[in-house]
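Asker: Okay, here's the structure, questions in a sec.
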Amino acid sequence: SMHYCPNLDIAFWSITNIMKDMNSGWLFRLIHMNGASFYFLIMYIHISRNMFYNSFKLNSVWGIGILILLISMAAAFMGYVLPWGQMSYWGATVITNLLSAIPYIGETVVLWIWGGFSINNATLNRFFSIHF
């Protein structure tokens, strides 16, 4: 995070710089990306095991587990947006616009997350600080 710059103009190039110019930067990025995928694999295996053993009958434990899953998915989504390529931009646009389907407060929530009327530097800074 010392070399990443959450700015729309240079976020992609800062990732490229980390991968090419930093010592073992490519290795750190690949371990980080694959580690996140492995984390979710283990989490889904854990959920499957608990469903097999009917652990969902313990409502408080199940609810906390679902909360941890949702928080993990949000952190992974924010990490997905940070490289700021085309897929990151459109992923951020589509996923954050899904929140506008919430009755009464959806549009306000989307504007708050974006920090304006479109995705801008404030959005990327928020995603970086929450992901970090």
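Just so it is clear, none of the values below were taken in a lab; they were calculated from the coordinates. Only a predicted model underlies this, so the values are computations on that prediction, with no experimental measurement involved. A quick note on method: Cβ atoms are made from the backbone with ideal geometry, for glycine too, and the neighbour counts reach across all protein chains shown.
Asker: Can you tell me which of 77, 38, 12 moves the most in a GNM of the chain? Springs connect C-alpha atoms under 10 Å apart.
Answerer: Of the options given, 38 has the highest mean-square fluctuation.
Asker: Distance between Cα centroids, segment 91-132 to segment 1-49: provide it in whole Å.
Answerer: Segment 91-132 and segment 1-49 have Cα centres separated by 22 Å.
Asker: Calculated from DSSP H runs of 4 or more alone, at -39500 (n - 2.57) each and per residue, what is the 222 nm mean residue ellipticity of the chain, nearest 500?
Answerer: Values: 6 runs with 95 residues, N = 132.
-24000 deg cm²/dmol, from helical runs alone.
Asker: If you don't mind, another one. Among (i) 1.04; (ii) 0.97; (iii) 1.95, find the value of Rg/Rh (Cα atoms, Kirkwood Rh) that was calculated from the structure presented, and write down its label.
Answerer: Given (i) 1.04; (ii) 0.97; (iii) 1.95, the calculated one carries the label (i).
Asker: Still on this structure, please answer the following. Under a Cβ-only charge scheme (Lys and Arg +1, Asp and Glu -1), can you give me the dipole magnitude of the chain about the Cα centre, in debye to the nearest 20?
Answerer: On the way: 5 positive and 3 negative charges, 74 e Å.
In total the dipole reaches around 360 debye.
Asker: Averaging sequence separations of C-alpha pairs under 8 Å and six or more residues apart, then dividing by the length of segment 10-131, give the relative contact order as a whole percent.
Answerer: Values: 63 pairs, mean separation 26.3, N = 122.
The normalised contact order for segment 10-131 reaches 22 percent.
Asker: A follow-up question, please. Can you work out the FRET efficiency for the pair residue 53 and residue 73, with r the C-beta to C-beta distance and R0 = 30 Å, to the nearest 0.05? Each step should come with its number before you reach the end.
Answerer: Numbers: r = 23 Å, r/R0 = 0.78.
For residue 53 and residue 73, the calculated efficiency is 0.80.
Asker: Under a GNM of the chain (C-alpha, springs under 10 Å), which listed residue has the highest mean-square fluctuation: 53, 39, 89?
Answerer: Residue with maximal mean-square fluctuation among 53, 39, 89: 53.
Asker: Arranged from highest to lowest average of other beta-carbon atoms within 10 Å per residue, in what order do the peptides 56-65, 105-114 appear?
Answerer: Numbers: 56-65: 11.5, 105-114: 14.2.
The densest-packed peptide leads the list: 105-114, 56-65.
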